[in-house]
Amino acid sequence: MARFRIQDIRTVEHSPTSPGTLKNKLGEMLVSSINATARLEGFNVDTGEYRIVLQGTLDKEDSKFDEA
């Protein structure tokens, strides 16, 4: 899996995106974090709509995160 870089932050917010693309980007972000949590903020049983909040800290010590 590719490493998530600070420059990739904006790519997570691009919408609409396919679930597969979002899964890959979020997976890269989580694997590249030193900690992470998830909270289910809401779920609508009738429509299936949900809202999840992810919070974490990217590992900036990795040299692959250099912005150069």
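Loop-located GluC sites (Glu not before Pro) across segment 1-56 with a Cβ neighbour count of 15 or fewer within 10 Å are E49, with loop assigned by DSSP.
Here r is the Cβ-Cβ distance between K60 and L22 and R0 is 35 Å; the resulting FRET efficiency, rounded to 0.05, is 0.90. With coordinates expressed along the principal axes, the C-alpha atoms belonging to segment 6-65 extend over 46, 22, 15 Å, beginning with the largest. Taking amide hydrogens as placed 1.01 Å from N in the peptide plane, the amide H of S33 sits under 5 Å from those of D59, each at least 5 positions away in sequence or on another chain.
No lab work stands behind these numbers, since they all come straight from the coordinates. Nothing here was measured: the structure is a model prediction, and the numbers come from that model. In this analysis, Cβ positions are derived from the backbone assuming ideal geometry, glycine residues included, and neighbour counts consider all displayed protein chains.
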